[in-house]
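Worksheet for the structure shown next.
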C-alpha cells in the first residue's frame, strides 16, 4: 500500500480524452534524441490516437488536428515534422475567451433571464400607453413563470407587481387593482360577446332563470305533441 500512487499525485492531464498512457508516450517521445526515430515514434502515437476515435475519421483535416493535440500535450517542446495546417507553436494556439454567464439576483432567478431583459427593454422605452401595455404583458408572463417554477405555492398579483417594481427600480408600476390573469374590461367583453353570439346562433331568449332557451325548438316540440 505504501507504493500506491493516486491520480491526484500524478502529472495533470493535458487532454484527458486520450488518456494518461498517450500522454506518457508523448513525454517519452520528447526524450528521444534521434530526430528520425523521434519522428517515427510521433507518427505511431498519432496513429494510435486516430484509432481511439474512429468515428471522427470523416472530419476534415482530422490528422492535422491530432498532430495539434500531440504538440499541445508535449507543450510544443518536441521537434517533429507535422502537417502545415496543424497548430505548430504555442503562439498559434488561440485560447478561447472565458464565457461569461449573466448574473442576476438569486431572489428573481425563477423568472428567467429573458424576463429581466424584457424589463430592461421596457424601462428604456418612453413613458406612455405602449410602455404600460408592455409592462402588463411582462407582469402576466412573470406570473406564469412563477406558477411553472412552484406549482404548489399560491402566487398573488400583489407579489408579482412588487417584484416588477423592485426589478425595474420603481420605473414599472401596475395599478393596484389590475388583474394579471385577465383584465376586467377583457373579462366583461368576453362575457358580453359570448352572450351575443349565443343569441344570434340559437335565436334564444332569456327566461326567468337567467338562461337562454331556443324558441324554435320549443315550438317544434309543441307541434309534435298536437
Members of segment 97-129 that are part of a loop (DSSP other than H, G, I, E, B), loosely packed, with under 11 Cβ neighbours inside 10 Å and at pLDDT 80 or above: 126, 127, 128
Residue among 201, 190, 156, 197 that alone is in the same structural domain as residue 112 (by TED's automatic domain parsing), loosely packed, with under 13 Cβ neighbours inside 10 Å, at pLDDT below 90 and more than 26 Å from the chain's Cα centre (by Cα): 156
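Look at residue 164 and say whether it is farther than 30 Å from residue 31 by Cβ, more than 19 Å from the chain's Cα centre (by Cα) and at pLDDT 90 or above. Steps first, please.
On the way: farther than 30 Å from residue 31 by Cβ: yes; more than 19 Å from the chain's Cα centre (by Cα): yes; at pLDDT 90 or above: yes.
Here the answer is yes, as residue 164 does meet what is asked.
The values are calculated or read from the model by the stated rules, or taken from the named source; none is laboratory data. Small disclaimer: the values here were computed from a predicted structure and weren't measured. All Cβ positions, glycine included, derive from the backbone under ideal geometry; neighbour counts span all protein chains shown.
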